[in-house]
Amino acid sequence: MKYRSTRGQVTGQSFESVVLEGLAADGGLYIPEHLPTLPSDWQTQWASLSFAELATELISLFVGDDVSRADVSTLVCKSYSTFSTTEVTPLVDLERESNTHILELFHGPTFAFKDVALQFLGNLFEFFLERRNSVGGAHKITVVGATSGDTGSAAIYGLRGKKNVEVFILHPEGRVSPIQEAQMTTVLDSNVHNVSIPGTFDDCQDIVKQLFGRPDFKREHSLGAINSINWARILAQITYYFYAYFTLRRSVKDPRPVFVVPSGNFGDILAGYYARELGLPVGKLAIATNANDILDRFLRTGRYEKNSEEGVLATPSPAMDILVSSNFERFLWYLARDHEAGGDAEEAGRVIGRWMEQLRTSGSFAVCHAALTAARQAFWSGRCSDQDTYATIAKYYARDPSYLLDPHTAVGVHVAETLRSDIDKLGADTHTICLSTAHPAKFSEAVLKAVNENGQHLDFGSILPPAFIGLLEMPRRCLTCDNSADAVAKLIVEQISK
Ligand SMILES: *Cc1c(COP(=O)(O)O)cnc(C)c1O
């Protein structure tokens, strides 16, 4: 199994180097050179596997000779033992009449779906470094990332205490929610360094980009990336699409579910696309966006266009507040190959290069009609306003049985409602699976606002996970640093040499 960059100038990379490197040297994202084929009897052989066993089967198909099957199994078991349910990602009913389900992805240590991938990535980093060091050498990796909240805590919990890994997470001072800040800064492991920056999330991300753009600094400290451009994160997420399918199949004959996914950087739903390409029976994948709707606009018009005038809009679902979706480039590569490059992988890289250059210089690019048609074959899309987000939370909370949605999940559920007639056209017995990306307690402000404005009462203490109780009062460790790449580079060097 080899990997190539979406920009075409890097090919033949191993799984290990792709994971440790993150972004390709030509600025592209890594994708498999060829998709593996599932064993012909997967539908029967995998039907009753546990989540970890299923992950072992799927991940083994993508690692080539880099990790033995036994090692994949060990890593996967370790990664999912930190989840609070044995099912890891349970499927629960939301509304029986419409066959709508919620796939709960928030049972990991930080209560957001990012744990599914980052628990695994942390163990994978440690595994590769220990193996390199066991034959001599002192390989270390310095993970540097920026966060507006969710990625940071999931990365910190994925990497805390890992050997040969130092992790620096930059967050904008006073601009992450109190719970998120507490989740990050109460982790006291010596390899975890929270850095608060007086500025915005974009400033933090900018600093990280600048550091990765300094070849000497990058090489000297072996910088590693944990954002969703890392292929291992997409790979780990493929499992829950299969797991949801098999869970559904226990009560439904030959399901072809529609998956509705609250989307920001397109990492979560891209795993669903790969699951479908591997052969999972999928009715449709539906992209749900908030007011930051670049993906929804693309599906409607074929034009991928930054909302440059207004910039990123602040919504009640902040983990989806993006200007462009970094992982969309991976899907675009397949569109480019099949509809602009006559099936030629090298030419597809050049097409992607041109599109990204247009996006950078003029803020948009458009794909041809055939490419748009193909995109619509795989995806539906829809957009949810802030008002509809609150209304959807209130509506399902008021029901009997009641279900409390977090604001990100509510965006997906609302979009599922707007797609109802399209879903029905796939067959009256079509099941809809809405991916739930966070526990409602994590976004308590929006949830309480939604419920209170609707005149209902919610005893928040009763839904608070035990891990959140007393969290705000626990001891913290956090560094502050000037808002500049030079200052952060200096801080990293100082901390590492301690
Ligand atoms: C990261 C995140 C998302 C968006 O996922 P993408 O992979 O970026 O599309 C949605 N909801 C929550 C709670 C998240 O943390």
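The values are calculated or read from the model by the stated rules, or taken from the named source; none is laboratory data. For clarity, every value in this text was computed on a predicted model and none was experimentally measured. Heads up, the Cβs are rebuilt from the backbone with ideal geometry, glycines too, and the neighbour counts pull from every protein chain shown. Surface accessibility is based on the protein's heavy atoms, side chains included, excluding ligands, DNA and RNA. Shrake-Rupley method; radii C 1.70, N 1.55, O 1.52, S 1.80 Å.
Taking all protein chains together and rolling a 1.4 Å probe, residue 476 ends up with roughly 100 Å² accessible. The charge dipole of the chain, taken about the Cα centre with unit charges on the Cβ atoms of Lys, Arg (+1) and Asp, Glu (-1), comes to about 560 debye, rounded to the nearest 20. With 10 Å bins beginning at zero, the pair-distance distribution over Cα atoms of segment 337-390 amounts to 20, 36, 29, 12, 3 %.
Packing around the peptides 342-350, 153-161, 175-183, taken as the average count of other Cβ atoms within 10 Å per residue, puts them in this order, highest first: 153-161, 175-183, 342-350. When the P(r) of segment 126-196 is calculated, the portion above 17 Å amounts to 42% of the C-alpha pairs. For the chain, the relative contact order is 18 percent, taking Cα pairs closer than 8 Å that sit 6 or more residues apart in sequence and dividing their mean separation by the residue count. The residues packed around residue 72, meaning those with a beta-carbon under 13 Å from its beta-carbon, carry a net charge of -4 if Lys and Arg are +1 and Asp and Glu are -1. With kT/(6 pi eta Rh) evaluated at 4 °C and eta = 1.567 mPa s, and Rh the Kirkwood radius from Cα pairs, segment 52-114 diffuses with a coefficient of 97 µm²/s according to Stokes-Einstein.
For segment 333-478, what ratio Rg/Rh do Cα atoms give with a Kirkwood hydrodynamic radius?
Values: Rg = 21.6 Å, Rh = 19.1 Å.
Across segment 333-478, the Cα-based Rg/Rh ratio is 1.13.
Give the Kirkwood hydrodynamic radius (Å, one decimal) of the chain, defined as one over the mean of 1/r across all pairs of different Cα atoms. The partial results should precede the final answer.
Numbers: mean 1/r = 0.0434 Å⁻¹.
Its Kirkwood hydrodynamic radius stands at 23.1 Å.
What does the net charge come to around residue 391 if you take all other residues with beta carbon closer than 12 Å to its beta carbon, with K and R at +1 and D and E at -1?
Working: positive: 395, 449; negative: 386, 388, 417, 453.
Residues near residue 391 contribute -2 overall.
Near the amide H of residue 284, within less than 5 Å, lie the amide hydrogens of 258, 259, all on another chain or at least 5 residues away, with H placed in the peptide plane. Electrostatic tally near residue 83: other residues with Cβ closer than 14 Å to its Cβ, Lys and Arg +1, Asp and Glu -1, net -1.
Counting only DSSP beta bridges with both residues in segment 84-213, the antiparallel share comes to about 25 percent.
The residues of the chain present an accessible area of 39 Å² per residue when probed at 1.4 Å with all protein chains retained.
List the relative contact order of segment 406-455 as a percent without decimals, with contacts defined as Cα pairs under 8 Å and 6+ residues apart. Taking the mean separation of contacting Cα pairs over the length of segment 406-455, I get 54 percent. Candidates 11, 40, 73 compared by Cα position along the dipole of segment 1-128: farthest toward the positive end lies 11, with charges placed on Cβ.
Per residue of the chain, what 222 nm ellipticity follows from adding -39500 (n - 2.57) for every DSSP H run with n ≥ 4, rounded to the nearest 500?
Working: 21 runs with 227 residues, N = 498.
Counting only the DSSP helices, I get -13500 deg cm²/dmol.
Over all pairs of different C-alpha atoms in segment 166-287, the reciprocal of the mean inverse distance, the Kirkwood hydrodynamic radius, equals 17.5 Å.
Here the dipole of segment 297-362 is about 120 debye; that uses its Cα centre as origin and unit charges on the Cβ of Lys and Arg (positive) and Asp and Glu (negative).
Going by average Cβ density within 10 Å per residue, which order do the peptides 295-304, 209-218 take, highest to lowest?
Put in order of decreasing packing, that is 295-304, 209-218.
Quick one: pull the percent of accessible area on the chain belonging to carbon and sulfur, 1.4 Å probe, ligands and nucleic acids left out. Carbon with sulfur: 48 percent of the solvent-accessible area.
Looking at the chain, do any whole DSSP H helices span at least 20 angstrom along their long axis by alpha carbon and average -0.5 or above on Kyte-Doolittle, and which?
On the way: long enough: 114-134 (30 Å, -0.13); 231-249 (29 Å, 0.40); 345-362 (25 Å, -0.71).
Qualifying helices, which must be both long enough and hydrophobic enough, are 114-134, 231-249.
For a paramagnetic label modelled on residue 35 (point 7 Å from Cα along Cα→Cβ), amide N atoms under 15 Å away belong, within segment 228-269, to 235, 238-239, 241-242, 269. With the convex hull of the Cα atoms taken as the outline of segment 96-239, the averaged projected area works out to 10.5 nm². The calculated FRET efficiency for residue 134 paired with residue 50, based on their beta-carbon distance and R0 = 35 Å, is about 0.75. Taking 13 Å as the straight-line reach from the Cα of residue 442, the aspartates and glutamates in range (excluding those fewer than 8 positions away in the same chain) are 150, 181, 406. With equal scatterers on the alpha carbons only and no solvent term, can you work out the Debye log10 of I(q)/I(0) for segment 1-146 at 0.12, 0.19, 0.21 1/Å? Log-scaled intensity ratios, in q order: -0.64, -1.32, -1.41.
Taken along the Cα-to-beta-carbon direction at a fixed 7 Å, the label points for residue 377 and residue 93 span 3.6 nm.
Computed on segment 49-147, with alpha-carbon pairs under 8 angstrom and 6+ residues apart, the relative contact order is 19 percent.
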